[in-house]
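The values are calculated or read from the model by the stated rules, or taken from the named source; none is laboratory data. The structure displayed is predicted, hence computed values, not measured ones. Reconstructed Cβ throughout: ideal geometry from the backbone, glycine too, with neighbour counts over all protein chains shown. Just the protein is used for accessible areas: all its heavy atoms, side chains included, with ligands, DNA and RNA removed. Shrake-Rupley method; radii C 1.70, N 1.55, O 1.52, S 1.80 Å.
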Amino acid sequence: MAFTRATGKHRRPSRMKRTAAHATGVAALTTTGVIGTLAVPALAAEPAAEQTGLLPVITIGDSVAEQIDAQAAAQEQAAAEAAAEKKAEAAAKKRAEERAKEAREAKERAAREAERKRLNTYVVPISGSYVSTGYQAGGSLWSSGSHTGVDFHAASGTPVHAVGSGTVVEAGWGGAYGNQVVIKMNDGTYTQYGHLSSVAVSVGQTVTPGQQIALSGATGNVTGAHLHFEARTTAEYGTDIDPVAYLRSHGVSV
């Protein structure tokens, strides 16, 4: 009675084929270092190496192959997570640098604006003082017959300040004014400071609001120590304008 071999499609692959498939996986994983990390007992439980006639082939079970696949997948996931973390760190660093730059630029803009505002402000020439003689007051004390400026009460040696930003055009002896300083202001007007005991600036020097330029005194044609202050349209005598109205127009309380 003859026997025929089953040839159905559900027939399991031969041991030789499964061995070859496992061998291919092992060879690939060996080059990537994955197989080297498997526990030794897992391999020891499998059948010993087979000889194919060409190269020795290690036969491993399905459970070991699944472990190798899982480990490879885990390594790939870890690599992807590391790359994503590195990318996130780079993005965070970039955002931090951008925020720092924006903060620095905002600080610089604020500083420039504050400095611009400071340079455009006006102050009184003598701190804590008051006008003791008004503008255009009459009398024989003045050669023109009237006062061309105002006098601020001040003892000799009181600091005198530039009322605003400008450039010194005269510094030294000024005849009846004694020691004087004349400043061309940034708005094109001029201010004069007379009867000074000493001068602390020189011609051509730029000054800023509140900067000390001299000390008050009693030099020139005076009856006592004080500061004579004038506002002018030019540097010359006779072009005076009301100094109190001048200061007030620049926001100074006098």
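Could we say that I213 is part of a strand (DSSP E or B) and touching a Leu at 6+ places or on another chain (Cβ under 9 Å) here?
In short, yes.
Do we find that H228 is touching a helix residue (DSSP H, G or I) at 6+ places or on another chain (Cβ under 7 Å) and not charged (D, E, K, R) in this structure?
Against the criterion (touching a helix residue (DSSP H, G or I) at 6+ places or on another chain (Cβ under 7 Å) and not charged (D, E, K, R)), H228 qualifies.
Among the strands (runs of 3 or more DSSP E) lying completely within the stretch 94-186, list those that include at least 1 residues that are of a type in the set (G, A, S). Working first, answer last.
Values: elements: 131-133, 150-152, 159-161, 166-173, 179-185.
Counting at least 1 such residues, we get 131-133, 166-173.
Looking only at the stretch 152-167, which residues are within 24 Å of R118 (Cα to Cα) and over 34 Å from the mean Cα position of the chain (by Cα)?
Once the filter is applied, which keeps residues that are within 24 Å of R118 (Cα to Cα) and over 34 Å from the mean Cα position of the chain (by Cα), the stretch 152-167 yields F152, T158, P159, V160.
Of the residues T148, T223, which single one is open to solvent by 20 Å² or more (accessible area, probe 1.4 Å), within 21 Å of S129 (Cβ to Cβ) and either in contact (Cβ under 8 Å) with a residue 60 or more places away in the chain or among the small types (G, A, S) (or both)?
Unique residue meeting the criteria: T223.
Considering only the stretch 174-194, how many residues are open to solvent by 10 Å² or more (accessible area, probe 1.4 Å) and of a type outside the set (F, W, Y)?
10
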